[in-house]
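Taken together, the values in this text are just the output of simple stated rules run on the coordinates, not laboratory data. Because the structure is a prediction, the values reported are computed rather than measured. Note that we place each Cβ from the backbone using ideal geometry, even for glycine, and neighbour counts take in every protein chain shown.
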Amino acid sequence: MPEGHSVHRIARQFRRHFVGHRVAASSPQGRFAAGAALLDGATMTDAHAVGKQMFLEFEGGRFLRVHLGMYGAWDFAGDIDFDATALSSRGRMGQTNQKGTVVGENEDSLSSIGAPRRTRLRMSEAEHVQDAFETFPPEPVGAVRVRLLTEDAVADLRGPTACEVIDAAQVDAVLAKLGPDPLVDDLTEGEERFVRAVRSKATPIGLLLMDQSVVSGIGNVYRAELLFRARLNPHTPGKQVPEEIVRALWHDWVKLLGIGVETGQMMTMDDLSEEDYVKALASRDDRHWVYKRHGLPCRICGTHILMEPAAGRKLYWCPTCQA
């Protein structure tokens, strides 16, 4: 599932290429035809993310709310800028299936693929350049729920968990249910909200970090990595986690989220050499402490990493370092 950094990067792409432009909205798949009709011909006035939720604002007070969920992704094409950190070739932007990263001596410049109108960028958890196309706009590929089209750019949405047109009051109602997001909320106020929420609950901290009403944007990868970096047992009830550790979790989330938005990767290992950093950008195997390392030795103590179900997701942790 795309985590907070990916959704913020997608919102940034909309701010670059769609905000201020009149948008033709359609639903090639047909499932969102009524919603698209409400937006068709309107100018996009803003785009922002809070945690895993994204809101595209249009004139007239209408908002397109999108939650990508497990399988959603946006495809961008046209005269678009490829973010300097969208460094993958042949993949998706959004899901956690990064194929490879273009860095340093491995560089395969995106500009070498062709003119901007001939390339697509898929954004979800990972970011990937897709096959070229001949004419603009390209034909929709697959089950496109929503197509947003300007004179220069197009964005196609596939497979979202939530996609709806709402008004400002409904946006406020959604936001009221969300925990703090370091890229949106005042950091001091966000920290206090996070500490109060965690310290008031008997729920295990490994579940609280995934609760979007406690903190926005953390998913399965960041959950596992934050807990390991804090050397915190995921089964510890929130109210039993020392306050200083809860605050440290918040500050670490601020740090990791910033790195994720900057690099487009969930980079959770610190103090890497230049060579190891390049390897980590290119491969998840070299990027994380515990995530997807079930049965492999802990990078610190050598104990085999455990994996167990937790609220329908896979929780990875080290039973020694996080005892």
- [ ] List the GluC sites (Glu not before Pro) within the stretch 1-71 that fall in a DSSP loop (any state other than H, G, I, E or B) and whose Cβ has at most 15 other Cβ atoms within 10 Å.
- [x] Glu59
Open item on the list: For the stretch 179-317, report the % of Cα-Cα distances exceeding 18 Å.
Closed with: 54
Open item on the list: Counting only other residues whose beta carbon sits under 13 Å from that of Ala173, what net charge do I get with K and R as +1, D and E as -1?
Closed with: -1
TODO: Taking the Cβ of each residue in His5, His17 as the centre, tally the other Cβ atoms inside 10 Å and list the residues starting with the fewest.
DONE: His17, His5
Task: At most 11 other Cβ within 10 Å, DSSP loop - GluC sites (Glu not before Pro), the stretch 165-199 - done: none
Open item on the list: Suppose a student asked you for the relative contact order of the stretch 239-323, using Cα pairs under 8 Å spaced at least 6 residues apart; what percent would you report?
Closed with: 15
TODO: Identify the trypsin sites (Lys or Arg not before Pro) of the stretch 224-323 meeting these criteria: DSSP loop state and at most 14 other C-beta atoms within 10 Å of the C-beta.
DONE: Arg231
Open item on the list: Test of understanding: ordering Ile300, Ile166 by Cβ neighbours within 10 Å, fewest first, what list do you get?
Closed with: Ile300, Ile166
